[in-house]
Amino acid sequence: MKQITANFQSQKLCYKFAAATFVFFGIQGLVSLGGALEMVFLDVPSPIQYTAGRSFHLNISVLWILLGITGGVYYFFSQEAEREIYSTKLINISFWFLILTLIVILGSLLLGFNDGREYLEAAQPLKLAVLVGCLVLFYNLVRTYMSCSVPKTRGTLVGIISGCLSLIVFYLPNILSYAHPTIEEIFKFWYIHLWEEMSMELIGAGLMSALLIAATGVKRQTLEKIIYLDMMLIAGAGILATGHHYYWIGVPSIWLWIGGIFSAIQAVPVLLLLLSVIKTMNTEYFSRLLPREKITMALVASSVFYHIFGASMLGLIMSYPNINRYTHGTYIVSAHSHLALFGVFGFLVLAICFYIFFTGFQLKHRDYLLCWLAVAVLNSGLIIMSLALLVAGWLQAYLLGLEGLSITEVNALIRPYLIIRVLGGFVFSLGSSVLAWVIVKNAWHYREVFFAAGSQTNNREVQKLNCLRLKMREMTSKNKEIEKLLYKVKSQRELLAGIRKLFRQKKKE
Ligand code: HEM
Ligand code: HEM
Ligand SMILES: [Fe+2]
């Protein structure tokens with residue numbers, strides 16, 4: 001068995017976050033397939049009612065991503081702050097509290113307890129529990145941040161901590177209910193839009209930069225410059241782009257302008273990050289990557305791809321109010337939801353959790369091949385599903401909105417595409433099951449190390465030792481670079497000597 005190589009105890013505590021995230025993701029794949037089947041074959045008896053299944057699906061979509069992000073935040077915050085997280089006990093409490101909250105929320109939804117507000121259907125005390133989870137995370141991060149000795153302006157730390165604070169601010173009004181439907185809708189999108197398109201984007205930018213620095217050796221200085229500009233754009237555009245959800249909910253029409261204009265700016269941050277990564281990376285980085293990093297990078301690349309095409313481009317088209325009139329409420333929105341929520345954050349969280357999990361355990365060759373297969377299958381499933389939904393949605397928008405056909409006629413015409421969506425869903429759940437299986441199998445195999453990880457106390461000596469280990473690591477990597485340079489100089493000298501010899505021989509001749 002390979003020894004655990006994480007630098008800090010706090011990071012070792014995150015293995016279980018990573019494993020649990022894959023389990024919830026695997027469950028979602030299988031349950032969603034049932035939902036998609038039910039939409040096509042209405043008469044087939046199902047143990048779960050459609051409304052219960054839908055609310056389960058919507059809630060688990062956001063919650064497994066939150067669970068994975070929480071693990072990623074603890075792991076990379078500790079790495080970037082170059083110290084233990086303030087309280088390792090709180091990390092454990094955070095984990096079990098979140099798991100319990102997730103199970104009770106999802107269980108109660110399946111049993112039919114439903115508050116009625118999409119994405120926020122859980123009972124009020126359970127929503128309060130999600131808020132408490134975010135508060136605990138934020139408190140632990142702030143205490144760590146205050147006592148770390150690295151520059152406080154480090155972009156990754158600032159991005160993660162401000163993202164976590166905004167999670168609390170935007171969720172807060174949603175633990176209450178409102179009598180007026182417009183007020184309910186206004187606040188609902190603080191959760192479903194602002195959580196995703198601002199808070200998670202901020203945390204995601206911080207985590208992705210930390211991940212790239214750790215996994216590929218991209219230079220911190222280059223990313224640091226871009227990350228502040230990125231954060232400002234994410235926060236500024238993200239907040240006002242909420243307007244693209246406010247077009248038809250009964251607020252003044254100025255929101256049509258605000259939503260349209262600020263949605264257009266939303267594509268800029270990811271393009272900036274991508275450009276700076278391309279600028280600093282070269283093919284040499286990739287040839288040096290280990291199997292774990294290769295799979296991680298494939299997942300990150302998938303996330304960036306969907307960020308550009310599924311979230312930004314498709315989102316931008318739908319944000320133009322005159323187009324949104326027709327696309328609103330069609331399967332085009334559903335295609336965007338899958339491409340953006342799973343495509344962007346799902347893949348990013350899977351990348352982070354995969355990286356974290358295999359810090360502790362060696363990725364065997366057979367599992368490595370299985371993971372490649374799973375990533376390819378997941379991407380294929382998502383693309384088949386989304387293309388089918390886009391065609392179905394386009395037919396809905398065109399035939400219902402412009403040609404004036406009846407809903408029954410349109411439903412009959414889009415049925416074949418919904419069947420293709422089910423096939424895509426089948427491929428998707430094959431990929432999610434394989435990936436979840438590889439992780440669960442390894443977690444079970446190494447269960448003793450897994451649950452004992454990080455059980456040591458968080459004392460000053462351990463922290464000093466860890467800092468020393470980190471510095472040693474930096475020095476060895478610098479040594480390696482110098483060795484490579486020397487090697488290059490040596491081989492160039494040899495080449496020159498060879499050329500000189502050739503010249504001399506020619507002269508003699
Ligand atoms: C990665 C980030 C994103 C995520 C996770 C995301 C997620 C979602 C979700 C889940 C919905 C469905 C909401 C509902 O059920 O009412 C939605 C709708 C929408 N999103 Fe995004 N989105 C993202 C980025 C964007 C961007 C960048 C834009 C614009 C440039 C955008 C524009 C829209 C529009 C116009 C709608 C449809 C609103 C409607 O007609 O109901 N999204 N998004
Ligand atoms: C096997 C894979 C999946 C299948 C078959 C599936 C199926 C469905 C179905 C049937 C709906 C109801 C609305 C509609 O018909 O489009 C839906 C909605 C939704 N799903 Fe999935 N889903 C899958 C995976 C995921 C994943 C992994 C996520 C995110 C992590 C996700 C996020 C959503 C969201 C946000 C909505 C609401 C969309 C809206 O109403 O605009 N789904 N999905
Ligand atoms: Fe949005």
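Any read-out appearing in this document is the output of simple, stated calculations on the displayed coordinates, not a laboratory observation. Please read these numbers as outputs of a predicted model, since none were measured by experiment. Note: ideal-geometry Cβ built from the backbone for every residue, glycine included; neighbour counts use all protein chains shown.
Each residue, Ile261 and Trp444, gets one label point 7 Å from its Cα in the Cβ direction; the gap between the two is 5.7 nm.
On a full-extension model of 0.36 nm per residue, what is the gain between Ala123 and Met313, subtracting their alpha-carbon distance, rounded to one decimal in nm?
64.9 nm
Using a simple spin-label model with pseudo-atoms 7 Å out from Cα toward Cβ, Leu468 and Asn92 lie 2.6 nm apart. Among the trypsin sites (Lys or Arg not before Pro) in the range 110-174, those placed in a DSSP loop whose Cβ has at most 12 other Cβ atoms within 10 Å are Lys152. Among the listed pairs Lys89/Lys364; Lys294/Lys364; Lys219/Lys294; Lys12/Lys441; Lys12/Lys89, a Cα-Cα separation exceeding 20 Å is found for Lys89/Lys364. So, in Å, what gap is there between the alpha-carbon centers of the range 215-266 and the range 299-360? The range 215-266 and the range 299-360 have Cα centres separated by 15 Å.
Quick one: Met313, Met198, Met146, fewest Cβ neighbours within 10 Å first, how do they rank? Walk me through the intermediate numbers first.
Details: Met313 14, Met198 26, Met146 9.
Least crowded to most crowded, the residues run Met146, Met313, Met198.
Using only DSSP helix segments of four residues or longer, with each worth -39500 (n - 2.57), what per-residue ellipticity at 222 nm results for the chain after dividing by its residue count and rounding to 500? When only DSSP H runs of four or more count, the value is -25000 deg cm²/dmol. If you model the chain as an ellipsoid using its alpha carbon gyration tensor, with each semi-axis the square root of five times an eigenvalue, the axes come out at 42, 28, 24 Å, biggest first.
The long axis of helix 155-171 is offset from the longest Cα principal axis of the chain by roughly 20 degrees.
Computed over the Cα atoms, what is the radius of gyration of the range 282-451 divided by 2.2 N^0.38 Å, N being its residue count?
Details: Rg = 19.4 Å, N = 170, 2.2 N^0.38 = 15.5 Å.
The reported ratio for this selection is 1.25.
List the trypsin sites (Lys or Arg not before Pro) in the range 258-318 that DSSP assigns to loop (not H, G, I, E or B) and whose Cβ has at most 12 other Cβ atoms within 10 Å. Which are they? Listed in order of number, the matching sites are Arg288.
Over the C-alpha trace of the range 253-370, radius of gyration and Dmax come out as 18.0, 58 angstrom.
Three principal axis extents describe the C-alpha atoms of the range 8-149; from largest down they are 63, 27, 18 Å.
For the chain, the longest principal axis of the alpha carbon atoms and the long axis of helix 365-395 meet at an angle near 30°. Taking one quarter of the surface of the convex hull spanned by the alpha-carbon atoms of the range 188-308 gives a direction-averaged projected area of 7.7 nm².
How much length is gained if the chain between Thr153 and Thr408 is pulled fully straight, taking 0.36 nm per residue apart and subtracting their Cα-Cα distance, in nm to one decimal?
On the way: separation 255, 0.36 × 255 = 91.80 nm, distance 5.80 nm.
Here the answer is 86.0 nm.
Using a Förster distance of 22 angstrom, determine the FRET efficiency expected from the C-beta separation of Leu290 and Arg366, and round it to 0.05. Step by step, r from the Cβ atoms, then E = 0.85.
Computed extension gain for Leu135 through Ser177, at 0.36 nm per residue and net of the alpha carbon distance, reaches 13.1 nm.
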